[in-house]
1. Which is farthest toward the positive dipole end of region 77-224 among GLN162, ALA224, HIS103, measuring Cα position about the Cα centre, with Cβ charges +1 (Lys, Arg) and -1 (Asp, Glu)?
2. What residues qualify as long-range amide H neighbours of VAL260, i.e. H under 5 Å apart, gap of 5 or more or another chain, H built at 1.01 Å from N?
3. R0 = 25 Å: FRET efficiency of ALA270 with ALA195, Cβ-based, nearest 0.05?
4. For the chain, what does the helix formula give at 222 nm: sum of -39500 (n - 2.57) over DSSP H segments with n ≥ 4, over the residue count, nearest 500 deg cm²/dmol?
5. Excluding GLN162 itself, what net charge comes from residues whose Cβ is under 11 Å from its Cβ, given Lys and Arg +1 and Asp and Glu -1?
6. Estimate the FRET efficiency between GLU76 and ALA115 by the formula 1/(1 + (r/R0)^6), using the beta-carbon distance for r and 25 Å for R0, to the nearest 0.05.
7. Give a quick list of chymotrypsin sites (Phe, Trp or Tyr not before Pro) in region 169-248 that DSSP marks as loop, anything other than H, G, I, E or B, with at most 10 other Cβ atoms within 10 Å.
8. Taking Cα pairs under 8 Å and at least six residues apart, what relative contact order does the chain come out at, in percent?
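Values quoted throughout were computed directly from the atomic coordinates according to the rules given, and no laboratory measurement underlies them. Only a predicted model underlies this, so the values are computations on that prediction, with no experimental measurement involved. Neighbour counts run over all protein chains shown; Cβ positions are idealised from the backbone, glycine included.
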Amino acid sequence: MRLPHVRETSGVDAAIVGVPTDDAVSFRSGARFGPEAVRSASVLLRAYDPELGVDLSQALSIVDYGDSPTVPGYHELTLARIEEFLAPVHAAGVVPICIGGDHSIALAELRAAAAIHGALALVHFDAHSDTWDSYFGVRYFHGTVFRRAVDEGLLDVARSIQIGMRGTLYGPLDQEAPRELGFEVVPWRELRTLAPAELARRVHDRIGSGPVFLSFDVDFVDPAFAPGTGTPEIGGPSSSDALELLRALDRLDVVAADCVGVAPAYDHGAITAPLPAGVCHTILCLLARARKP
Ligand SMILES: [Mn+2]
């Protein structure tokens, strides 16, 4: 978006933060190049969103805060570095919007956010719940991230909702796991019957008031629209569906957000990256609208 690349937080409303890591994926790696691809695609974005009636250049002060440090090959150290990188952003009251990276980064984002805001409500768009207990016998993985967040008390799970789940599982217990943890789940087969305003009502009924972490995995969208991702799941919403659902989520107190899972090596003709770029733009517009009196 040609935002100023500065570490300034004074007077800043939101900061774009790249998180180039993919050590915690179970299948296709490559999301460490996601931030670079999304920034390239975002060059085409213009400030004004006619659907939401927001001119970002007028409504918010936004910076590109650069990329978080990582330690390739040492995922748990990477989590600590991301948390440390985000701490001053939250301390300054700035909303970080992280570009992944694989979804494991959400644990570090939540640790940094909860240190300032306390336990957060989760609004989570994804084909996957990411609530498995372990992968390969290891607890810190992209598919375990929201169970770890519950374990660590980072989420107010009674105010949290997961949206868009679909695809094959290891067994029926996998489907029940997020609900047993306390999440509300709107699987894609149910979601596809809801108008965006109906989903928004469900979200608001669930969230109430208080700080929200908004997390968007690009694999929420069908791989026909977003093939450049690590764990594609067929039979999902279009990018148009996704943007309409997102736009309906007005008036949430979003204190941190991310868009994860972009792996440009699996992309074809750079189809995928405009979606996460547009999702981040839409989240910024929602932020601007929520702040208007
Ligand atoms: Mn996913």
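1. Of the listed residues, the answer is GLN162.
2. Result for VAL260 returns GLY100, PHE216, ASP217, VAL218.
3. Efficiency for this residue pair is about 0.20.
4. Calculated from helices alone, the mean residue ellipticity at 222 nm is -10500 deg cm²/dmol.
5. Neighbourhood net charge equals -2.
6. It comes to 0.90.
7. TYR170
8. Relative contact order comes out at 23 percent.
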